[in-house]
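Q: There's a structure below that I have some questions on.
Where a number appears in this text, it was derived from the coordinates with a stated rule and is not lab data. None of the values given here were measured: they were computed from a predicted structure. When we count neighbours, we look across all protein chains shown, and the Cβ atoms used for this are built from the backbone with ideal geometry, even at glycine.
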Amino acid sequence: MTKKIGIIADSQFYDHRALIPVAECPERLRRIYFNIRKPEFQNFLRFYPPRSATMEELLAIHSSFYMEQLRIHCVGKSQFAYDKDTYLMEDSFYTAGLAVGGCLTLADALLADEIDYGFALVRPPGHHAEAGRGMGFCIFNNIAATAAYLRDHYGLERILVFDFDAHHCNGTQEIFYGDDRVLVFSIHQANLFPSWSGLVGEVGAGRGTGYNINIPVYPAFGDTEYNCLLGKVLQEVICQYRPQIMLVSAGFDGHIHDTISRLCLSTEWYASVTRTLKHYCREYSANKLIYVLEGGYNLQYLEESVTAVLKAMAESVDDKIGYPFSPRAHELIRNELVPALGFKWAL
Ligand SMILES: [Zn+2]
């Protein structure tokens, strides 16, 4: 049976824009929105209007000092005065709040069983935004706010955030570093932005120890290496953690044609990882899955990959999912992941 997929897509997300050409631009969404309005998508997509996040919902993950800084810089003279990448203008605060609120709208719809899965097609992205500062195009941390909302309002105690963006989710990691109720699992290109975070040894602190998992991979890793790593490591972790919901920071900048990284993932990989995650969700979890858009800067392949994901989401769940063997991936597991995480997870 075709699955029902909740979508957040709203032209108000175009209102945050730089005056000079930048990679993180409204066109990223415009092309996707145009495509998903075609008749072939209408029998399985369900569109929800986003709401604005409340100040309480933002303060659950960000500091009031940062809120104040944002307010000042949004009306400042230069768009790039706050950060060299993270431009701010008059509409930025509202638009970023709407991106968070859109994710929460989707979370409510999923927990009310109105939809099978969700994809928040929002911008600006969020996974680099820390409690006290924005960076890397990210203003509010959309996925972290969603996890905090599910934890605080629905009382969920095992939330898995899986991030396959090419960059490390330093913000999401920082916000939940001491929390075992949100397990942050990231696979990303090593030493890409931000170069100071995303190491294997960053495993969490206090009661969160063991609940932060980083897999920094070498440039040129592609479909086979990723599938081997996820088949072995992510599957084991999900099996043992038994998350009540899985939130996916879906960044498409690891695509072979996206020049911001040197990863070699194909469009088909984004579809296949979606099938895999759906299978894991059904087998080892409460079958709840939401994607939130992060990066992806090659407009053509971003659109193509998002479309592939939506079509894979709509399919019925595969009963069997295998994974290939990759010597390079196995070496990484044996030499780096097991020594760092073996105390917590049987890998
Ligand atoms: Zn990225």
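Q: So, in the stretch 279-299, of the ones that are assigned to a strand (DSSP E or B) and away from the ligand (no atom under 15 Å from the Cβ), which residue ends up farthest from Thr259 (Cα to Cα)?
A: Out of the qualifying residues, it is Leu289.
Q: Moving on to the next point. Please pick out the residue among Ser52, Ser64 that is of a type outside the set (Lys, Arg), out of contact with any Pro (no Cβ under 7 Å at 6 or more places or on another chain), surrounded by 12 or more Cβ atoms within 10 Å (Cβ to Cβ) and under 23 Å from Tyr149 (Cβ atoms).
A: When all the criteria are applied, what remains is Ser52.
Q: More than 14 Å from the ligand (Cβ to nearest atom), farther than 14 Å from Leu160 by Cβ, buried (at least 22 other Cβ atoms within 10 Å of the Cβ) and touching a residue at least 12 places away in the same chain (Cβ under 8 Å), is that true of Tyr226?
A: yes
Q: Which count do you get for residues in the stretch 216-273 that are basic (Lys, Arg) and at negative phi? Break it down into steps so the answer makes sense when it comes.
A: First pass over the stretch 216-273, keeping only residues basic (Lys, Arg): 232, 242, 262.
Going one step further and asking which of them are at negative phi, we end up with 232, 262.
Adding up the residues that qualify gives 2.
Q: Within the stretch 145-176, can you find the residues that are within 16 Å of the ligand (Cβ to nearest atom) and either touching a residue at least 60 places away in the same chain (Cβ under 8 Å) or in contact with a strand residue (DSSP E or B) (Cβ under 7 Å, 6 or more places away or on another chain) (or both)?
A: As a first pass, look at the stretch 145-176 and keep what is within 16 Å of the ligand (Cβ to nearest atom): 161-173.
Passing the criteria: Val161, Phe162, Asp163, Phe164, Asp165, Ala166, His167, His168, Cys169, Gly171, Thr172, Gln173.
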